[in-house]
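The values are calculated or read from the model by the stated rules, or taken from the named source; none is laboratory data. Everything numeric here is computed off the predicted structure, so don't read it as measured data. Quick reminder, even Gly has a Cβ in these numbers, built from the backbone with ideal geometry, and neighbours come from all protein chains shown.
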Amino acid sequence: MTDHPLRLLLDFDACAQRDNGQAPAFLHRRDRKFALTCEQQGVTPGPKRWLAHMNHLSGPGAGPSFAQQTLRLWRRINSGFMAAGAVFGLLTMLGLLFYDGGQRINVTVILAFVAFQFLLALLTTVQSLVGWQPWRGLLRRFRNNPESAVSVRLQPMLMARAAQLGGLCFALAGLATLLVMVVLQDLAFGWSTTLETDASSYHRMISAVATPWAWLWPAAVPDSALVEATRFFRATTGESSLNPARWGQWWPFIAMLWTTWALLPRFVLFILAGVLIRRKSRHLLASHPAMRALMYRMETPALDTGNDHNDASDLPDTETDLKLQPLPDARIVLCWAGAGDPELPDALSTGKSLIAKAGGKMTLAEDRQTLEQIAAQLAQGSNQSVQLVTRSWEPPTGELEDLLASTRELWPKGTQIALVPLATRIEREPDAHQVQQWLRFARRAGPEFVTVSLIPIHGAVPDMGGGVTQ
């Protein structure tokens, strides 16, 4: 699934959620500078170009983006529907064409089943337009990340397209099975009903159903003589005079019936579902609250008014009242996104029972396995502290927020996480502005759950006011 509007919407929504943790003054300066750069280059600053600019600022991604994770989930769902549809289509057609040489294959049953498939395809589309989601609880089980408001609003149409794709594979497998059975077996068709319906009325109904392809393949429209000759009613008398060769002449009608009223509606509605998804994605992107805020920031000059003095060369005040805490004596160290490579400082590696890694090149499954391993260690001991090592020069990411959300679910209640940002050189301390961004991140995550600590460097002792004293 590579819908460009859908991918653009998901990427923009994920970036907007990450920006919620940044200072408004910083966002204004960043986006205003981007708009001025586009003006100098003579290009229009749109969401696609803005996302490319944000990706350039962030550098190569260490892990899959939110859009990639969401699209990967729906690829798995689509593949499951395709496989299930193909298998059920094969088995269903084998059941409809079952013939043991005695009772003939009833065309009326096939007509009723095709009508049911047509109504089911229409119901699937109507369900997506109404927004009914009876399967939402089941879909939540397949998700590895929390749902966003945008994803929830797109789910009905995405699920409708998956269902239509499964129905399309069902119809294709059924048609292929029908053609193979026509070649391999001598199928005998007929029609019957408990109601006292004469052959002329049945022929009129068959002709109405065959109207779409009557001009294309006249032989696939049964005539009145065929209808009259292949009628069986409790199969008691008069069948000895019938010509058995005519019993197989129904197969062109059955093939076109299945193609026209079972396969083509699924194909058309599958294409329609894709069009509706792209249209809905464009609408949600244009009406996204973060889009209006972005356009305002790009069109409005940035004024630094957050300083306590009038020195225009200084940045706005982004200090936080959250203080550094002493480095806890934890027995477990978790290195995030390559932090601590190639080696950890002695203060973090000495006397540890477990040193694990998460993020970066690790997959989501490996991250969850690591968190479960740490949860087992925490459950066995009395020390409920974990040192989470990060790189001080890299800003906190949404993936790290997702990791902390997972720890709340997997780790024992009361576990304390100490963020330990490392400088580019382990024998030095991180810069003050780098430490401040981690303090702000800890405040958003919850100071009762996440704190920030620095490793002692040359006897340095953390100052509770937010700095480090010697």
Tell me the helices (runs of 4 or more DSSP H) entirely within region 240-323 that contain at least 1 residues that are within 30 Å of Leu168 (Cα to Cα) and at pLDDT 90 or above. 251-258, 264-286
Flagged pairs (Cβ under 9 angstrom, 6 or more apart or on separate chains; first in region 407-427, in contact (Cβ under 8 Å) with a residue 12 or more places away in the chain and surrounded by 11 or more Cβ atoms within 10 Å (Cβ to Cβ); second charged (D, E, K, R) and assigned to a loop (DSSP other than H, G, I, E, B)) are Gln416/Glu448; Pro421/Glu394; Ala423/Glu429; Ala423/Asp431; Ile426/Glu343
So, restricting to helices (runs of 4 or more DSSP H) that lie completely within region 327-436, which ones have at least 1 residues that are under 34 Å from the mean Cα position of the chain (by Cα) and modelled with pLDDT of 85 or more? 364-380, 398-410
Can you tell me which residue among Leu71, Leu97 is at pLDDT below 95, more than 12 Å from the chain's Cα centre (by Cα) and buried (at least 18 other Cβ atoms within 10 Å of the Cβ)? Leu97
